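A quick write-up on the structure given underneath.
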Amino acid sequence: MAEEKRKEKPLFKISLAEWSLNRAIRQEKSMTNLDFPVVTAKEFKVRAIEYVNQLWEGAPDDPKYLSELKKRCDDNGVKSLLIMCDRLGRLGDPDDAKRAEAVANHQVWAEAAKYLGCHSLRVNAASAGEWDEQKKLAADGLRKLSENLQPLGLNVIVENHGGLSSNGKWLAETIGSVGMDN
C-alpha cells in the first residue's frame with residue numbers, strides 16, 4: 001500500500017536547472033532552449049524547470065518564441081519556475097546610472113518569466129567597495145528590482161555567486177536590508 005501511494009505522489013518535488021544541460025546546448029548543439037522542457041519531461045521525468053538567460057537562442061521579448069516555449073511546456077506537463085539572469089549588469093554597481101541600467105536590463109526577463117508562469121527571477125548581487133558600501137549598493141539595486149517585479153507577482157532570488165555574495169552573513173544582511181517581501 002505504501003509503495004502504491006508513492007507512485008501516486010512523489011516523495012519530493014524537484015526541478016531541473018537548465019545549466020545542467022549547458023554543454024548540450026552551448027557546445028554540443030544537440031538541443032536548444034526550446035527543447036529543454038521536452039527533454040526534461042521525456043528523458044528525466046521531471047516536471048519543473050529553471051531557465052538560464054544565457055542559454056536562450058530567442059529574444060525574451062519575442063512573442064512567437066515565448067509562445068512556442070510555453071506551448072512545449074504545456075504539451076509536456078512542465079512548469080516553468082524561474083529564470084536565472086546573468087550578465088545583465090551589476091545590481092550593486094557603484095555608478096548610479098549603471099545600477100539603474102542593470103535593474104532595467106532585468107525587466108525584459110521578468111516579463112518573460114511572468115508570461116511563462118514563473119514565480120521568480122534569480123539574480124546576482126555583484127558590487128564593488130567595502131563590506132558596508134557593497135551591502136548598501138546591492139540592497140538599493142535589489143530593492144528597485146523587487147519594486148519592479150512586485151506588480152508582476154514575481155520574487156527576486158539572489159544567488160551566492162562570487163564576491164561578498166558568497167559570504168552568507170553579508171548576503172543575509174543585504175537581503176534583510178532590502179525591506180521587500182518578494
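The values are calculated or read from the model by the stated rules, or taken from the named source; none is laboratory data. As the structure is a prediction and not an experimental result, all values here were calculated from the model. Don't worry about glycine lacking a Cβ; one is built from the backbone with ideal geometry, like all the others, and counts go over all protein chains shown. Heads up: the accessible areas ignore ligands, DNA and RNA and are worked out on the full protein's heavy atoms, side chains in. Shrake-Rupley method; radii C 1.70, N 1.55, O 1.52, S 1.80 Å.
Points worth noting:
- Whenever a residue of the range 128-157 is at pLDDT 95 or above and of a type outside the set (A, V, I, L, M, F, W, C), its partners that are in a loop (DSSP other than H, G, I, E, B) and open to solvent by less than 30 Å² (accessible area, probe 1.4 Å), lying with C-beta atoms within less than 6 angstrom and at least six residues away or across chains, give the pairs GLY141/LEU91; SER146/ASN182; GLN150/ASN182; ASN155/ASN182.
- Residues in the range 60-100 that are in a loop (DSSP other than H, G, I, E, B), closer than 21 Å to ALA139 by Cβ and either touching a strand residue (DSSP E or B) at 6+ places or on another chain (Cβ under 9 Å) or touching a residue at least 40 places away in the same chain (Cβ under 8 Å) (or both): 7 in all.
- Within the range 101-125, the residues that satisfy the criterion of being part of a loop (DSSP other than H, G, I, E, B) and open to solvent by less than 40 Å² (accessible area, probe 1.4 Å) are GLY117, CYS118, ASN124, ALA125.
- Neighbours by Cβ (under 7 Å, 6+ apart or cross-chain): first from the range 21-38, more than 17 Å from LEU81 (Cα to Cα) and of a type in the set (Val, Ile, Thr); second assigned to a helix (DSSP H, G or I) and modelled with pLDDT of 95 or more: ILE25/ASN33; ILE25/LEU55; THR32/ILE25
- The range 1-59, residues that are open to solvent by less than 100 Å² (accessible area, probe 1.4 Å), at pLDDT below 95 and in a helix (DSSP H, G or I): ALA2
- A single entry from ASP96, ASP181 fulfils the requirement of being more than 19 Å from the chain's Cα centre (by Cα) and either modelled with pLDDT under 95 or at negative phi (or both): ASP96.
- Only listed residue being over 18 Å from the mean Cα position of the chain (by Cα) and part of a helix (DSSP H, G or I), chosen from GLY129, GLY176, GLY141: GLY176
- Long-range neighbours under 6 Å by Cβ, at least six apart or interchain, first residue under 13 Å from LYS135 (Cα atoms) within the range 171-182, second modelled with pLDDT under 95: LEU171/ASN160; LEU171/SER165
- Evaluation of ASN182 against (1) in a loop (DSSP other than H, G, I, E, B); (2) under 26 Å from ASN22 (Cβ atoms) (one fails), failing number: (2)
- Each residue in the range 152-170 was checked for being part of a helix (DSSP H, G or I) and either more than 17 Å from the chain's Cα centre (by Cα) or hydroxyl-bearing (Ser, Thr, Tyr) (or both), and 7 of them qualify.
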